[in-house]
Each structure stands twice: as structure tokens, then as C-alpha cells.
Amino acid sequence: MASGDPNRAEPKTSGRRKAVITLGASAFLLLAILVSQASFNLKFISPDSNEQLLFFAGLSGLIFFAFVALTVVLGRNLLKLYAERREGVAGSKFRTRLVVVSLLLSFLPVIAMFWFSYELMNRSIDK
């Protein structure tokens, strides 16, 4: 029976700790920016020329096409998962749970952003 090596160094967690601190600071900074936009009377960007209008329209179109493409990929994966589940493929139940939990976790930020933008819009209209 092999015993543990007493000279073996403990795994370093400083890289993970730095990453967590960096992500926490970034999240705090983004939250501060969002709160400042809701609290202060800031002017938002509006297109002043035809070039800016064309740029914003192109960016909106790109975002729309990316949304459609990702929706098609998600639908295809869900259909494949449904077919695997009906056939009784090994691991399909676990994969289904993973997909459902992932979708629920991805909807939480979407709901938070919707709520925040709704409140921001109501506040802007009130002002």
C-alpha cells in the first residue's frame, strides 16, 4: 500500500485567489457603473450623423443574426438531447440535467438585466 509523500508540496491556490479577487472587483465596478447610470442624469449616445446611424443599425443586425444562430444551435442540441433520451442512450439523463441547470443559470442574469433596465427606463421616464 502506497503512503502519501511527506515532501509533496501543497497545491498553490494563489492563482485561483487572484482570479476570484479580480472577478469580484470587476463585478463591483460594473455594478457601480450601472448604479451611477440609474442615479445620475447622464446623457446617452444618440446618432448624430448618417455614419453613426448606419453603424448602430449594422451592430443591431449583427446582434440579431448572432441571436438567431445561437437559438438554432440551442434548438438543435435540445432536439438531439430529446432523441437520445427517448432512445435510452447511456448518460442522457445526466446530460439532460446538466443542460436544464445550465439554461436556468443563464436565465438568471437575463432576468436581472431585464429588471434593471425596466427600472432604469421607468426612472428615466419619471425624470
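The values are calculated or read from the model by the stated rules, or taken from the named source; none is laboratory data. Bear in mind the structure is a predicted one, so any value in this text is a computation, not a measurement. Neighbour counts are summed over all protein chains in view; Cβ atoms, including those assigned to glycine, are modelled from backbone coordinates with ideal geometry. Accessible surface is based on the protein model in full, side chains and every heavy atom, while ligands, DNA and RNA are left aside. Shrake-Rupley method; radii C 1.70, N 1.55, O 1.52, S 1.80 Å.
In this rough spin-label picture, where each label sits 7 Å from Cα along the Cβ direction, the residue 34-residue 17 distance is 2.9 nm. All C-alpha to C-alpha distances of segment 48-105, sorted into 10 Å bins beginning at zero, yield P(r) values of 21, 31, 19, 15, 10, 3 percent in whole numbers. Take the Cα radius of gyration of segment 15-122 and divide it by 2.2 N^0.38 Å, N being the number of residues; the result is 1.55. Accessible surface for residue 94 stands near 130 Å², nearest 10, in the context of the full protein assembly shown (1.4 Å probe).
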